[in-house]
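Structure first, then comments.
The values are calculated or read from the model by the stated rules, or taken from the named source; none is laboratory data. Every value quoted in this text rests on a predicted model; they were computed, and no experiment measured them. Here the Cβ positions follow ideal geometry from the backbone for every residue, glycine too, while neighbour counts run over all protein chains shown. Quick note on the areas: whole protein, heavy atoms, side chains included, nothing else; ligands and nucleic acids left out. Shrake-Rupley method; radii C 1.70, N 1.55, O 1.52, S 1.80 Å.
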Amino acid sequence: MSARSYEVRTYGCQMNVHDSERLSGLLEDAGYVRAVAGEEADVVVFNTCAVRENADNRLYGNLGHLAPKKAKRPGMQIAVGGCLAQKDRDTIVAKAPWVDVVFGTHNIGSLPVLLERARVQEEAQVEILESLDVFPSTLPTRRESAYAAWVSISVGCNNTCTFCIVPALRGKEKDRRPGDVLAEIEALVAEGVIEVTLLGQNVNAYGSDMGDREAFSKLLRACGEIDGLERVRFTSPHPRDFTDDVIAAMAETPNVMHQLHMPLQSGSDDVLRTMRRSYRQDRYLGIIDRVRAAMPDAAISTDIIVGFPGETDADFEQTLHVVREARFANAFTFQYSKRPGTPAATMDGQIPKAVVQERYERLVALQDEISWAENKRQVGRTLDVLVAEGEGRKDEATARLSGRAPDNRLVHFQRPDEEVRPGDVVTVEVTYAAPHHLLAEGPTHAVRRTRAGDAWAKRSAAPAAAPGVLLGLPTVGPPPAAPAAESSPCRTN
């Protein structure tokens with residue numbers, strides 16, 4: 001009997017992408033094989049997101065498309081996990097009775113057992129835990145990239161932002177022990193990984209349940225001691241917890257990249273107060289100033305919500321003021337939409353769609369202007385680019401390759417005569433800047449073949465399989481293989 005095949009469809013934030021790698025690892029550990037591209041899987045797993053207003057409609061629409069396929073294929077199974085499963089629980093089976101398994105954010109390790117139980121008992125299995133049973137990073141994994149990896153250092157969040165439902169679905173913050181984190185990174189490096197992104201819902205609050213306010217900066221410095229680890233990133237910090245010891249660790253640890261994603265959400269003190277964001281404009285800009293003083297070359301990105309309930313024209317102008325002052329390399333901007341179950345969803349002062357759209361367009365235009373100006377400052381610089389897979393969607397047509405600079409800017413460069421693999425590093429000179437990428441149109445100065453490139457070559461020699469992440473996240477410090485797609489402000493703090 002041949003092994004049963006699986007497909008994991010991922011929606012939402014980096015944490016979901018990371019969880020999906022674990023789900024794939026669990027299934028393969030249980031004997032499943034990844035579905036070949038273009039073929040129907042025996043098991044389809046939806047790893048859901050709950051922060052969009054129409055997230056449930058999207059899920060039920062996708063489940064509806066699978067219903068007739070499942071009816072024609074005896075033995076096919078469908079599982080739903082993630083934040084929407086944690087929130088809706090029994091509602092999913094009531095609306096889509098052909099679903100076999102529903103599991104939550106706290107028990108992803110149960111999926112293989114639940115699938116088998118559903119098969120034997122021939123009835124849906126719903127298991128939602130209220131607290132974490134096993135830290136996800138202790139589970140088997142099938143990573144999407146051979147050369148770059150997520151490493152989760154914490155799960156959950158202790159904040160109470162009025163627009164965000166994540167704390168209710170993922171629970172209070174729980175930190176991994178530093179030794180466990182470093183051991184995972186060392187194992188990854190031994191496998192060929194040269195870039196890691198430390199991941200947490202509020203990554204720089206790390207240490208809060210260990211009683212060590214400097215635990216995160218110590219962890220960054222410890223990463224600097226790992227031989228063979230070339231690039232360290234992290235996402236996403238909260239301005240409330242961003243301290244000077246972290247800035248010093250970034251500036252003084254050679255393999256910690258001078259790239260920072262610092263969510264703003266709003267530049268208005270009044271709106272920040274309504275959002276329950278525990279900082280104000282002055283503190284935020286003060287952090288940016290201190291980062292730039294320590295690392296003048298730092299590329300800083302952010303998240304901004306436009307049209308939060310009660311936002312006035314004056315409030316919005318304060319957001320534009322912060323954007324002008326901070327001069328972000330790029331910004332992920334979102335039009336506020338109600339998240340069911342959050343305090344903001346029932347607040348007075350909901351902003352008309354037309355007003356939100358007009359503000360949003362003004363913000364995007366301003367940020368594009370700034371991004372372009374900041375990118376033009378890179379022209380003439382010589383950069384070491386980590387070659388990526390899947391970042392340059394027009395690479396085949398343009399005969400280019402693509403990758404990420406140390407500050408995480410996307411760089412397209414001319415394909416050199418010698419072989420270059422994802423995971424290798426090329427040295428190029430920037431000749432042109434666009435708002436969202438850089439071009440290096442001249443000859444490549446150098447190609448450095450790496451262990452990461454060797455790891456990619458070894459993996460790519462295996463039979464082709466369907467992609468595991470179909471909807472993911474914007475590329476703010478993720479492994480370069482992760483595709484850019486829809487995101488949401490709850491992916492960060």
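Overview of values
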item	result
Hits in the stretch 369-407 (condition: among the β-branched types (Val, Ile, Thr) and either within 23 Å of the chain's Cα centre (by Cα) or surrounded by fewer than 17 Cβ atoms within 10 Å (Cβ to Cβ) (or both))	379, 382, 385, 387, 398
Exclusive hit being in contact (Cβ under 8 Å) with a residue 40 or more places away in the chain, open to solvent by 10 Å² or more (accessible area, probe 1.4 Å) and among the β-branched types (Val, Ile, Thr), set 17, 45, 36	36
Subset of the stretch 308-366 (residues that are over 26 Å from the mean Cα position of the chain (by Cα), farther than 25 Å from residue 282 by Cα, surrounded by fewer than 16 Cβ atoms within 10 Å (Cβ to Cβ) and without any contact (Cβ under 8 Å) to a residue 60 or more places away in the chain)	346, 348, 349, 352, 353, 354, 355, 358
Selected residue [open to solvent by less than 50 Å² (accessible area, probe 1.4 Å) and either of a type in the set (Asp, Glu) or over 22 Å from the mean Cα position of the chain (by Cα) (or both)] from 127, 122	127
Some residue of the stretch 239-252 being surrounded by 21 or more Cβ atoms within 10 Å (Cβ to Cβ) and within 23 Å of residue 378 (Cβ to Cβ)	yes
Residues being touching a residue at least 40 places away in the same chain (Cβ under 8 Å) and out of contact with any Asp or Glu (no Cβ under 8 Å at 6 or more places or on another chain) - total across the stretch 189-198	5
Tally of residues being in a strand (DSSP E or B) and aromatic (Phe, Trp, Tyr) across the stretch 90-134	1
Test: residue in the stretch 281-289 that is surrounded by fewer than 22 Cβ atoms within 10 Å (Cβ to Cβ) and in contact with a Cys (Cβ under 7 Å, 6 or more places away or on another chain)	no
Within the stretch 71-99, tally of residues that are surrounded by fewer than 23 Cβ atoms within 10 Å (Cβ to Cβ), in contact (Cβ under 8 Å) with a residue 12 or more places away in the chain and within 22 Å of residue 30 (Cα to Cα)	4
Residue match in the stretch 448-471 (condition: assigned to a strand (DSSP E or B) and either over 15 Å from residue 390 (Cβ atoms) or modelled with pLDDT of 95 or more (or both))	yes
The stretch 277-318, residues that are among the hydrophobic types (A, V, I, L, M, F, W, C), assigned to a loop (DSSP other than H, G, I, E, B) and closer than 17 Å to residue 266 by Cβ	308
Unmet requirement for residue 137, which otherwise passes all of (1) at pLDDT 90 or above; (2) under 30 Å from residue 88 (Cα atoms)	(1)
Some residue of the stretch 83-92 being over 27 Å from the mean Cα position of the chain (by Cα) and modelled with pLDDT of 85 or more	yes
Matching residues in the stretch 187-222 - criterion: being closer than 19 Å to residue 254 by Cβ, crowded, with 21+ Cβ neighbours inside 10 Å and not charged (D, E, K, R)	188, 193, 194, 196, 197, 198, 216, 217, 219, 220
Answer residue from the stretch 170-186, given it is assigned to a helix (DSSP H, G or I), free of Cβ contacts under 8 Å to residues at least 60 places away in the same chain and touching a helix residue (DSSP H, G or I) at 6+ places or on another chain (Cβ under 9 Å) and is most open to solvent (accessible area, probe 1.4 Å) among those	180
Test for residue 263: is it touching a residue at least 60 places away in the same chain (Cβ under 8 Å), part of a loop (DSSP other than H, G, I, E, B) and touching an Asp or Glu at 6+ places or on another chain (Cβ under 6 Å)	yes
